[in-house]
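Report on the following structure.
The values are calculated or read from the model by the stated rules, or taken from the named source; none is laboratory data. Not measured: the values here are computed from a predicted model. Heads up, the Cβs are rebuilt from the backbone with ideal geometry, glycines too, and the neighbour counts pull from every protein chain shown.
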Amino acid sequence: MGATYLIFDGDKDKWGYGFLKGWAKNENIDFEFSDAHDLDSMTGRAQDEYYVKQKLRERMQKSDAVLVIVGEKTKNLYKFVRWELDLALELGLPIVVANLNDKREIDRELCPSVIRDACAVRIPFRRAAIKPALDNWPRSFRALNAAEKGKGPRHYTAETYRSWGL
């Protein structure tokens with residue numbers, strides 16, 4: 001698995017990002033996670049929006065997939081979250097949407113509008129779902145033709161979740 005670009009509410013949902021990093025560092029947990037934000041560092045110019053967006057674009061261009069952590073306020077964030085989602089769509093990156101409220105399919109009330117009808121797979125924010133989604137969705141997404149991608153949101157079946165132990 002290559003680098004994954006993370007999009008989340010840095011104020012309210014940073015704990016989810018912390019969980020991903022912790023799972024990846026724990027030798028007793030089978031969870032590999034290459035964070036695109038670790039590919040480089042930002043300088044002291046990180047307060048300059050143009051500079052930040054340039055660096056984030058470079059990171060996303062080096063990513064194999066995007067993981068969006070959707071919490072209560074994610075849909076309301078425009079300065080970076082909306083811009084990052086627009087860029088992910090523009091670049092044609094596979095998107096995995098992890099719902100913090102444990103929904104296994106699209107949550108139309110919380111999902112940011114720009115990806116609401118996008119061909120992205122929706123999962124609960126659970127390690128047992130995130131790992132296989134990141135392992136499999138990018139390949140599946142890239143195998144879809146434009147007509148299939150145009151069919152919108154995706155989710156896994158109950159049988160798939162059972163196979164994952166959920």
(request) Go through A158, A133, A143 for me and flag whichever is within 16 Å of K103 (Cβ to Cβ), surrounded by fewer than 16 Cβ atoms within 10 Å (Cβ to Cβ) and either touching a Pro at 6+ places or on another chain (Cβ under 7 Å) or among the hydrophobic types (A, V, I, L, M, F, W, C) (or both). (result) A158
(message) Being without any contact (Cβ under 8 Å) to a residue 40 or more places away in the chain and either outside any helix (DSSP H, G or I) or within 14 Å of I7 (Cβ to Cβ) (or both) is the filter here; which residues of the stretch 114-147 pass it?
(response) V114, D117, A118, C119, V121, R122, I123, L144, N145
(request) Assess whether D13 counts as being touching a Gly at 6+ places or on another chain (Cβ under 8 Å) and modelled with pLDDT of 90 or more. (result) yes
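Conditions (1) charged (D, E, K, R); (2) modelled with pLDDT under 95; (3) outside any helix (DSSP H, G or I), marked per residue:
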{"position": "Y17", "(1), (2), (3)": "no, yes, no"}
{"position": "L20", "(1), (2), (3)": "no, yes, no"}
{"position": "H37", "(1), (2), (3)": "no, yes, no"}
{"position": "A46", "(1), (2), (3)": "no, yes, no"}
{"position": "K53", "(1), (2), (3)": "yes, yes, no"}
{"position": "L67", "(1), (2), (3)": "no, no, yes"}
{"position": "R82", "(1), (2), (3)": "yes, yes, no"}
(request) Kindly indicate whether L110 is among the hydrophobic types (A, V, I, L, M, F, W, C), in a loop (DSSP other than H, G, I, E, B) and under 21 Å from F31 (Cα atoms). (result) no
